[in-house]
Amino acid sequence: MQKHIAVLAGDGIGPEITDGAVHVLKAVADKFRHTFTFESLPIGGCAIDACGEPLPAHTVERCLASDSVLLGAVGGPKWDALPGDKRPEKGLLGIRKAMGLYSNIRPARLWRALADASPLKRELIEDGIEIVVVRELTGGIYFGKRGSFADEEMGETAWDTEQYSVKEIERITRIACELARKRSGRVISVDKANVLETSRLWRRTVHTFAQMHYPDVTVTDMLVDNAAMQIVKDPAQFDVLLTSNMFGDILSDEAAQVTGSIGMLASSSLGDTPCGLYEPIHGSAPDIAGRDAANPIATILAAAMMLRDSFGMTKEYAAVEHAVEEVLGEGWRTADISSAGTHTIGCREMARRIAEHI
Ligand code: NAD
C-alpha cells in the first residue's frame, strides 16, 4: 500500500518523538512492503515563529490532502504570554476542526513489564487494564455559549452551557460500538442523567441508536461520579467507555494515570473519513526537550493506531505493539519509566530498538 503521512512535529520534544515514530513506520514499510511518504509541516509555536500564526493555511491544506496526520505536541514557555487566540494550542483546536474530527479515542493500557509504575495495588491490576475512552470532541460544554457579568448581589458571575444534539450523540455512539465489536462487545456509556438534561438525551439516544444499529453490542450506563470511583476501584471491568467531551477529558486522564506513565499513552481523533490525527496524550515537555530523554513510545503507539484505524493494517499494528512489548520485556527503558534493574536509554535508542524488533 502507498500512504502519504503529514508529520506535524510541533514544539519541545515534538521533533524527537515524531522522528522516533517515523523511524518505526519506515521499518514497518520495509517489512510489510508498503510505501510511506512523509511531509513535515509547521504547527504551534514553531509555526508562530516561522509564519506568524499557529496553524498556517498551507499546513491545513496539506493535512487534508494526506492519508493521515501524525502530531508531536505543541506549546512551551516561549509562547505562554501570547493572547489566547494566538497561542500554539489554537493550532491544535484548529486542525481538529478543519479535519472534522469529532471523536477522540484514548486507549489506557497497563503493560505487563510496567506493572510497578501503576499507583494501584497489585491485586487491583492483576487482570490487566485495557480501557479505551471514546470521547466526543467537538460538542458539549467546551463549545457551548458562555459569558460573564457583574451581578448586583453576587458580584462577578460567569456561566457556561452544555448542548448536545441527537446527531452528535449518534455519531460518537457509532464510533464506540464499532470499536466494541472489534473488542469485548461491551460499551459503558457515562453520563449524569440524574441531574442533566443533556445527559438524559445522551442516555436515550445512545440506547436507541445502539439497539437499532448494533444489537450485538451490550450497552450499559454509569453515572460519571461512579465511573471516576470505579476506574480506581476495579479498572478491569472497563473496556470501551463512551463519554461526552468534558467527562471524557477528565476520565481519560484518570484512566491514563492508573496505567503509570504519560509517556506510554497514545490517542487518535477521527471524523467521517479514514484520515485521522494521531498523537501522544502528553504535551511538549519543555523541561526535557532537546536532551534525547523523552519517551517516544506514546507517539510510536499513536503511529501504530494510524496503521490500524486509518489504513486497516491490523498485522502491522500488532507488529509494532509486539515490538514495544519485547523491548520493554528486555528491560530497556527511557528515564520516565525506568526502575531498579532496568537499563535507561535515550529517545533515539528506544525508537531504534523498537524498529529493530519489527
Ligand atoms: P507535559 O505533558 O508536556 O509534561 C508533563 C510532565 O511529563 C513533564 O515533567 C514532562 O517532562 C513529562 N513528560 C511528558 N511527556 C513525556 C515523554 N514523552 N517522555 C518523558 N517525559 C514526559 O505537560 P505540561 O508540562 O503541563 O505542558 C508543557 C507544554 O505542553 C505546555 O505548553 C502545554 O500547553 C503543552 N501541552 C500540549 C499538548 C498537546 O500538544 N496535545 C497537551 C498537553 C500540554
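Taken together, the values in this text are just the output of simple stated rules run on the coordinates, not laboratory data. Model, not experiment: these values are computed from the prediction. When we count neighbours, we look across all protein chains shown, and the Cβ atoms used for this are built from the backbone with ideal geometry, even at glycine.
Things to note:
- Under the simplified labelling scheme, the GLU152-GLU178 pair shows an inter-label distance of 5.5 nm, with each label point 7 Å from Cα along Cα→Cβ.
- Label-point gap, in nm, between ILE250 and HIS357 - each point 7 angstrom along Cα→Cβ: 3.7
- Phi-based couplings in Hz for segment 276-284 (Karplus 6.51, -1.76, 1.60; Gly and Pro marked x): x, 10, 10, 7, x, 7, 7, x, 8
- Segment ASP234-ALA340, length gained on full extension (0.36 nm per residue, minus Cα span): 35.4 nm
- Coupling constants for segment 346-358 follow from the phi torsions by the Karplus curve (6.51 cos²θ - 1.76 cosθ + 1.60, θ = phi - 60°), and in residue order they are x, 4, 5, 5, 4, 5, 4, 5, 5, 4, 5, 8, 5 Hz; glycine and proline get x.
- More than 37 angstrom apart: percent of Cα pairs within the chain: 19
- Dimensionless Rg/Rh of segment 176-323 - Kirkwood Rh, Rg from C-alpha atoms: 1.00
- Using the Cβ-Cβ distance between ARG186 and CYS51 with R0 set to 41 Å, the FRET efficiency from 1/(1 + (r/R0)^6) comes to roughly 0.35.
- Prolate/oblate/rounded call for segment 1-77, Cα gyration tensor, a/c under 1.5 rounded: oblate
- Annotated for segment 119-258: lysine pairs at least 8 residues apart or interchain, Cα distance under 26 Å, count 7.
- Between GLU123 and LEU64, residue separation times 0.36 nm minus the direct Cα-Cα distance comes to 16.6 nm.
- Phi angles of segment 218-228 translate, via the Karplus equation with coefficients 6.51, -1.76, 1.60 and θ = phi - 60°, into HN-Hα couplings of 8, 10, 10, 10, 8, 5, 4, 5, 5, 4, 4 Hz per residue; Gly and Pro are given as x.
- Inter-part distance where segment 164-178 and segment 270-326 are each reduced to a Cα centre, Å: 25
- Cβ-derived FRET efficiency at R0 51 Å, ASP30 paired with ASP160, nearest 0.05: 0.55
- Computed over segment 119-258, the convex hull of the alpha-carbon atoms projects to a mean area of 9.8 nm².
- Placing +1 on the Cβ of every Lys and Arg and -1 on the Cβ of every Asp and Glu, with no other charges, gives segment 119-258 a dipole of roughly 700 debye about its Cα centre.
- Inter-label distance, nm, simple model (7 Å from Cα along the C-beta direction), THR218/MET1: 3.2
- Long-range Cα-Cα pairs in segment 184-253 (distance over 18 Å), rounded percent: 35
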